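To start, the structure under review is shown below, and the notes come after it.
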Amino acid sequence: MIPGTFEYHRPGSLDEAVTLLTKFGDEGRMIAGGHSLVPMMKLRLAVPEHLIDLGHVESLQGIEITGQSIEIGAMTTQHDLIASDSLVETCPLLREAALTIADPQVRYRGTIGGNVANGDPGNDMPAVMQSLGASYVLHGPSGTRQVAARAFYEAAYFTAREDDEILTAINIPVPAPGHGFAYEKLKRKVGDYAIAAAAVVLTMDGGTCDSAAIALTNVGDTPIHAEAMGESLVGTAVDDGAIAKAVAAAKAAASPAADLRGPRDYRAHAAGVMAGRAIKRALARVKT
Amino acid sequence: MSDASEMTLEQREATIGGIGCARRRKEDVRFIQGKGNYVDDVKLPGQVFGDFVRSPHAHARIKSIDTEKALAVPGVLAVLTANDLKPLNLHWMPTLAGDSQAVLADEKVHFQNQEVAFVIGEDRYAVSDGVQAVEIDYEDLPVLVDPKQALAKDAPVLREDAAAKDDVGQGPRKHPNHIFNWDVGDKGATDKAFAGAAVTVKEDVLYQRVHPCPLEPCGCVASMDKITGELTVYGTFQAPHVVRTIVSLIAGLPEHKIRVIAPDIGGGFGNKVGAYPGYVCSVVGTIVLGRPVKWVENRIDNISTTAFARDYHMTGELAADEDGRITGLRVYVLADHGAFNAHAQPTKWPAGLFSIVTGSYDIPAAHVSVDGVYTNKAPGGVAYRCSFRVTEASYLIERMIDVLAQKVGLDKAEIRARNFIKPEQFPYTSCLGWDYDSGDYPRALAKVLDAVDYKGLREEQAEKRERGELMGIGIATFTEIVGAGPSRNCDILGIGMFDSCEIRVHPTGSAIARLGTKSQGQGHETTYAQIIATELGLPSDDIAVEEGDTDTAPYGLGTYGSRSTPVAGAAAAHAARKIRAKAQKIAAHMLEVAEGDLEWEIDRFKVKGLPEKVATMKQIAFAAYQSLPEGMEPGLEAVNYYDPPNFTYPFGAYLCVVDVDRLTGEVKVRRFYALDDCGTRINPMIIEGQVHGGLTEAFAIAMGQELIFDETGNIQGASLMDYFVPTAVETPVWETGHTVTPSPHHPIGAKGVGESPNVGGVSAFSNAVVDAFAHLDVTHMPMPHTPWRVWKQCEALGIGE
Amino acid sequence: MNKTAVKMTVNGQAVEGQVEPRLLLIHFLRENLGLTGPHVGCETSHCGACTVDLDGTSIKSCTVFAVQAEGASITTIEGMANADGTLSALQEGFMQEHGLQCGFCTPGMIMRAHRLLQENRDPSDDEIRMGLSGNLCRCTGYQNIVKAVRYAADKLNGRQEAAE
C-alpha cells in the first residue's frame, strides 16, 4: 500500500496556502492530520499531484475563548482539544466527543479542521458542531466568510466549501453556563466509526427545557441536525414522553446505509437509542 | 567437589530453572529493544522487491495481460505472469491437501485478489507503481459464493483444470465442484440410537469463515547464489523443513542446495503453515534476476488471500434418554474450501481431526459425514490456533449439548457432568476411534463452578430475567486432540509427523539445542531450555535454543496444532536422557565406581551411600572432552527423532458471564474463568500468557470476526478497520485456573496448551450469548455475535425496542 | 523523480536524507536509517506497530510522510533504553510481567506506553487500556501488557523495589 507520486508543498502562511490551492486546482489537496487522506492515497483512491501541508501555517493553530465565543484554529488536534482545561470548562462536549474519535495516536495528528471539513459522514465532530450551533470560517481568494455547521454539509464528501477555500477556524458560541451535554456513540470497537451516534446540548429553566439541539453522526449522507428532534423537548420537562418523541424524531430523521456495522433498520434504531441516552445523560448534567 | 555443593537442594533447583518454574523469557531481551529479526527486517545486498497484481474479480477469464507500461515504470525490473512460469512448470503448485493451486492465475481467476502477475522492482515504491501499470482484460464469469449451491446441477464449474478428474487428492468426488466426502463412524448404530431415542435435537451450526490475522503478515526473501547454485529462503514459515522439501519438489532443486530460514515470526496462528504464491514467485524472481527478492504482503492481501480458517456449515443432531444421557450423535458438514483445496491438515485427513467431535462425553454411537466443495473464495482452511478442525468439532458438540439441556430442562453444568467420560474410564477409546490418554473432567468442572459461585450466578440470572434483563452464563467443557502426530496415522506429503531435537553440551557445561519446530511467540527458547535443564541438570540460562534454520536444525514438521511441546518437547527430553545416560558412564569413570552405584540428583550423579562423592553435570561435560572411559567416543551430544505413540488430549472447563443490552445488541463479558489441564506445566507464566492470548482470539472470533462476501464474490472489510481485532478496551479481564492430569505416554507428562483457550473459548462465549436468551426458547444464534445480530434476535422476540 | 531534503533528529542523532515526498516515515526509519524496531502491521493506522514518539506525541509512522517530520525529534524503540544502556522501567516491566509473546507489537506498545506515562504518571488499569487502545496485540490478550505498564508506573513512582 504505497501512495502515488506527488509534489510536496509546505506553505508558511495562509495566503501562501490559498495561492497554492488556487494554482493547482483539482490537482492539489490539502493535508492536515492526514489520517483520512493518507490511507486513501495508499489505496490510490486519492492521487493528488500536489500535496499542500497546512502543518506549518501558524495562524491555523490554537484555541481562543473570549466572552461569548470559542474560536478553534483548524489545525488544532483532537489531542489539543482533550488537553485544554479552559475548553473542558467552557464546552466539555468537545472533550467527550474527541475521546470517542479513533485512538490516542490518531488524536495527536487528527485535526478538528480536517474532521469537520472533509465531509466524511463517519466523522464525529460535524454533528457535535451542529449541536453546538458552530460556524466555520472559510478563507479563499476573495476573502473570508462564515458558514453555519448546520448548513455546511451537502452530501458525502460534498460541502459548502469551495475548492479554493480553506477552512481556517471554527466558531462556537459559548454554551450557557450549566448546560447539559452528551455525545453517545455506539461503535464496534475503539477506532471505529459510529454505528450511530448522537450529540445533545440542552438548557433547562426551572423544570422546563428552554433550548435543545440534537444532531446525529453516520446515519446518513451528512451529519443530521433535525430541528424537530430538539424542538420536541423545548417547553417540556424532558420527561419520558418528551424523550420518546425526540427519539422517534431521531429515528425518522436517520437514513443510514447498510454496512458491516449493520442493516439500515438496526442503525436507524440505534440512532434513536443513542439520542435517547444522550438526552438523559445531558439532562442529568444540567446544573442550575 | 564444587561450589554448587554448598547450596541447598532448593537453591540448586532454582539455579537450574527447569520444569515448573515461571522463569522470564530469554527471547524478550531482543524484542523489548527493537532487535527482533523479522522477515521484513532482512536486508540482503542487492535485494529487490516483488508484489502482485491481483484480480478485482472473483471469477473471470483472463483475456489479455499487457505488461509493457509496467516494464517502462522507472525501477521496475520484471513482470512475471503464468505464461512466464509455464516453461518452468511453476504456474501451478501442489497443495498440502493433494490439490493444485495456481501460482499466477492461468487463463482464469477463481477468487477476488487472486495473484495474476508478479512485479519485481528496485523497491516497494517502484513496484507499487508497476503494479498499477499492468493492464489486464477480464471477462466475467458466474460467481459461486454459497457452498450450498456448489453441488447444484447448474452450478458454474469453477475448476476447469480439474473438471475431468475423479479425485483431486482426497478420494472420489461426485460433482466438478466437489472435493471429497469423508465419512466416519457407525451409521447403523447411530441411526438405531436415534430411532429409539426419548429425545432428539437438531441444529444448523455455522462456524463462519475467519482469518488468523497475525500482526505480522506473511513474507519471504529468496536469494539464489548463482555461483554455488544455493538457494536461501527466509520466510514466515511455521514449518521451515516442510517448506524446504516442497521447494525442492516443485522447483526441482536438490534439497541440500536449499536453505530455509524462519527468522523471528510475528505470530502465526495457522496463517503461516501454508505455501503461498508469493514464495514461489520470489524464488523464480531470484533465479531469473540473480538478486535477492523480497515479498511481504500487506494486511488486505493477508486477510483476503492467505489461509482463511473454518467455514464449516454443520448440522448436529443428538439423541438422548429422558435424563439427558446422550445415546447418539450425528453430524453433517458442508466444508467451504474456496477455490483450491489448500487446507493444512495431515494429508490423510480431509477434515482433520474433526472426529474428536464427541468431545468430553461418553457417547456410544456417532456418525460424521463431511463434504468439501469449491467456491470462488480464497483457498485455505487452516487451523486458526487449534489442532486440525478441532475447534469446529468442539464448538459443535458444546453448542449441541446446550441445545439438548434446554430441550430436556436440565442445567447446563449438570448435563455435562452426567455425560462426561469418567476418570476411571481412561485410557478411553471413543466411538469414533480416538484413544484419550488421560483426563479428569468432573474435577475440572466442579472447580470452576465453585470458583465462580455458579449457584449464585444462576440465582442472579433468574432475578434479572424477572426484571426483563438479559444475562447469560456459558459453559464449555472441551477436550482437544493435539500433538500430531503418530506417523501411523499422520503425515504431510508422506513425511511422518515426528519432530526432533539435537543437543550439544559444550565443555564448560553450557549447551545448544536445535529443534525441528519454530516458535512464533510461544516462547520455545525458554520452555525447551527448561525441559532440557531439568533432564540434564544444567541451568536453563546456559542452554541456547535454536530453531528455524534448515541447515542446522534437525528435520521436523514445525509448530502448529499445539504439537511443539507434545512432540518436539518429548524429543528434547529423550535427547537429554541419551546425554545423561552417557554422562552416567563418564561419571562412573570419574568417581571410579560402577554405573549402577550412581544416582541422579538435580544436577549431578552421586554415589549411593556416599553423598559427598559426586560428579556434577558441569564437571562431566568437561570430562566428556578430556578424560573418558576407555573406548568411549569424545563429546556429549545426542539427537532424537520422536514419533509420538499417541496424540495428547488437553482439556478444560470454561465459564463466561455476559450481560446483553437488548436495545443496542451489545454483549458485555462480565466475567470469564478458564481452567486448563495441559498435563505437566513447564512454565506457568508462559502457560497463563498462552491462555490469555487464546481467549482473546476466541473472543474476537465469537464476537466479531467474519470474512464476508457479496454475491459477486467481493470480500468485504478485509482491513483492520472492519476485521475485528479487539483492542485492550474491548478485551475482557481473564481469570485462570488449572488442574494437572499428566499424559501417561509423554516423557514429561505434558500435553500442550496454546490452542485450548481458543477451542474452549469460542464455545463458552457463544453459549453465554445464547444462554442469555434461553428462557425465551432461543436454542441457537449464529456467530459472530455482533451488536446488530444480537439486536435482530431481540427484535424478533419483541424486546428490541 | 523529484526528491526533497529532510532533516530530523532520531534517537538524539541528527539525520538527513533526500527522499521522495511520498516516502512514509516508517520506511524512512526502517529502510533509510535501518531502525527496524518499528514494524508495519496493517498500513491503515489501526494496529500501532509502527508507533514512534515525535515531538512529544506518539504517532503511527505508517500514516505520516517523512517530509512531514521535517525538523522533528523522533524516538524509536531503539532509543528507549536508559542512557547507561540498562533497560528502561517499561522494557523491564514488559519482560517481568510477560507483556509480550511474538514481540511484533512490542516496540509500538512500549513507545505508546512511554508517552502515556509522560502524560499520566500513575494511570489506572482502565486508563492504561484506553491509553493503549491504538495498539493491537494478537498474542497476549493485553492483560500482562497492562501489568507491565503498571510495573513501570510503580517503579517510576518509587513504589517498587528493584526487580530481582
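Calculate for the protein assembly as shown the 222 nm mean residue ellipticity that helices alone would give, adding -39,500 (n - 2.57) per DSSP H run of length 4 or more and normalising by residue count, nearest 500 deg cm²/dmol.
Details: 35 runs with 356 residues, N = 1253.
So the calculated ellipticity at 222 nm is -8500 deg cm²/dmol.
Within chain B, which DSSP H helices have Cα atoms that stretch 15 Å or more along the helix axis and a mean Kyte-Doolittle hydropathy of at least 1.6?
Values: long enough: B:240-251 (16 Å, 1.37); B:277-289 (17 Å, 1.72); B:390-408 (27 Å, 0.50); B:441-452 (17 Å, 0.55); B:454-466 (18 Å, -2.34); B:524-536 (17 Å, -0.05); B:570-591 (30 Å, 0.10); B:684-703 (28 Å, 0.82); B:756-771 (22 Å, 0.49).
What comes out of the filter, once short or polar helices are dropped, is B:277-289.
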About its Cα centre, chain C carries a charge dipole, from +1 on Lys and Arg Cβ atoms and -1 on Asp and Glu Cβ atoms, whose size in debye to the nearest 20 is 360 debye
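If you add up the charges near B:Val778, with Lys and Arg at +1 and Asp and Glu at -1, over every other residue whose beta carbon is less than 15 angstrom from its beta carbon, what do you get?
On the way: positive: B:Arg399, B:Lys407, B:Lys412, B:Arg465, B:Arg662, B:Arg789, B:Lys792; negative: B:Glu203, B:Asp204, B:Asp402, B:Asp771, B:Asp777, B:Glu795.
Neighbourhood net charge equals +1.
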Rounded to the nearest Å, the spacing of the alpha-carbon centers of the range B:545-563 and the range B:369-406 is 28 Å
Rounded to the nearest 10 Å², the 1.4 Å probe accessible area of B:Asp499 is 0 Å²
Here the relative contact order (percent) of the range A:180-285, from C-alpha pairs under 8 Å and at least 6 apart, is 32 percent
If amide H atoms are modeled at 1.01 Å from N in the peptide plane, then the residues at a separation of 5 or more from B:Phe340, or on another chain, having amide H under 5 Å from its own are B:Gly380
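When you look at the Cβ of every residue in C:57-69, what mean number of other chain Cβ atoms sits within 10 Å? Don't skip to the end; give the middle numbers.
On the way: counts 7, 7, 7, 8, 1, 4, 12, 6, 9, 1, 5, 11, 1.
Per-residue shielding by partner chains comes out at 6.
For chain C, what's the relative contact order in percent, using C-alpha pairs closer than 8 Å and at least 6 residues apart? The partial results should precede the final answer.
Details: 300 pairs, mean separation 37.7, N = 164.
The normalised contact order for chain C reaches 23 percent.
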Note on chain B: alpha-carbon gyration tensor, axes a ≥ b ≥ c; rule is a/c under 1.5 for rounded, else prolate if a/b larger than b/c, else oblate; result oblate
For B:Lys606, the aspartates and glutamates lying under 14 Å Cα to Cα, once residues fewer than eight places off in the same chain are dropped, come out as B:Glu592, B:Glu595, B:Asp597
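For chain C, what does the alpha-carbon gyration tensor say about shape, rounded, prolate or oblate, given a ≥ b ≥ c as the root eigenvalues, a/c under 1.5 as rounded, and a/b over b/c as prolate? Can you show the working numbers first?
Values: a/c = 2.24, a/b = 1.75, b/c = 1.28.
The shape class here is prolate.
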Of the residues C:Thr44, C:Gly99, C:Ala89, the Cα lying farthest along the dipole of chain C towards its positive end, which is defined by charges on the beta carbon of Lys, Arg, Asp and Glu, belongs to C:Thr44
Per-residue average of other protein chain Cβ atoms inside 10 Å, peptide A:28-41 -> 3
Of the listed pairs B:Lys412/B:Lys464; B:Lys86/B:Lys348; B:Lys35/B:Lys257; B:Lys412/B:Lys455; A:Lys251/A:Lys287; A:Lys189/B:Lys668, those with alpha carbons more than 21 Å apart are B:Lys86/B:Lys348; B:Lys35/B:Lys257; A:Lys251/A:Lys287
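May I ask what percent, to the nearest 5, of DSSP beta bridges between residues of the protein assembly as shown are antiparallel?
Values: 164 of 199 bridges.
About 80 percent, rounded to the nearest 5.
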Expected vector for the range B:134-151, Karplus 3J(HN,Hα) from phi with 6.51, -1.76, 1.60 and θ = phi - 60°, integer Hz, x for Gly and Pro, equals 6, 10, 10, 9, 10, 10, 4, 10, x, 9, 10, 10, 8, x, 5, 8, 4, 9
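Let me spell out the model: positive unit charges on the Cβ of Lys and Arg, negative unit charges on the Cβ of Asp and Glu, origin at the Cα centre of the protein assembly as shown. What dipole size does that give, in debye rounded to 20? Could you put the intermediate results ahead of the total?
Values: 115 positive and 158 negative charges, 238 e Å.
Once rounded to the nearest 20, the dipole reads 1140 debye.
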Placing +1 on each Lys and Arg Cβ and -1 on each Asp and Glu Cβ in the range C:89-156, then taking the dipole about the Cα centre, the residue among C:Ile145, C:Gly134, C:Ser124 whose Cα reaches farthest towards the positive end is C:Gly134
As straight-line cross-link partners of B:Lys108, the qualifying aspartates and glutamates (C-alpha separation under 16 Å, not fewer than 8 residues apart within one chain) are B:Asp66, B:Asp84, B:Glu135, B:Asp137, B:Glu139, B:Asp140, B:Glu160, B:Asp161
Listed by chain and number, the lysines with an alpha carbon less than 19 angstrom from that of B:Lys192, same-chain partners under 8 positions apart left out, are B:Lys202
Computed for the range A:198-288: size of charge dipole around the Cα centre, +1 on C-beta of each Lys and Arg, -1 on C-beta of each Asp and Glu, debye to nearest 20, value 380 debye
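Looking only at other chains, what is the average number of their beta-carbon atoms within 10 angstrom of each beta-carbon in B:786-793? Numbers along the way, then the final one.
On the way: counts 6, 8, 12, 3, 0, 8, 4, 0.
Mean partner shielding for this stretch: 5.
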Computed over chain B, the relative contact order (Cα-Cα under 8 Å, seq sep at least six) in percent reads 15 percent
In this structure, among B:Lys148/B:Lys407; B:Lys294/B:Lys751; A:Lys187/C:Lys155, pairs with alpha-carbon gaps over 31 Å are B:Lys294/B:Lys751; A:Lys187/C:Lys155
Dipole check, chain B, charges on Cβ (K,R +1; D,E -1), about Cα centroid: among B:Pro74, B:Ala774, B:Leu249 the Cα furthest to the positive pole belongs to B:Leu249
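The values are calculated or read from the model by the stated rules, or taken from the named source; none is laboratory data. Quantities reported herein were computed from a predicted structural model and do not represent experimental measurements. Cβ coordinates were reconstructed from backbone atoms using ideal geometry, including for glycine residues, and neighbour counts include every protein chain displayed. The accessibility values were calculated without ligands, DNA or RNA, using every heavy atom of the protein model including side chains. Shrake-Rupley method; radii C 1.70, N 1.55, O 1.52, S 1.80 Å.
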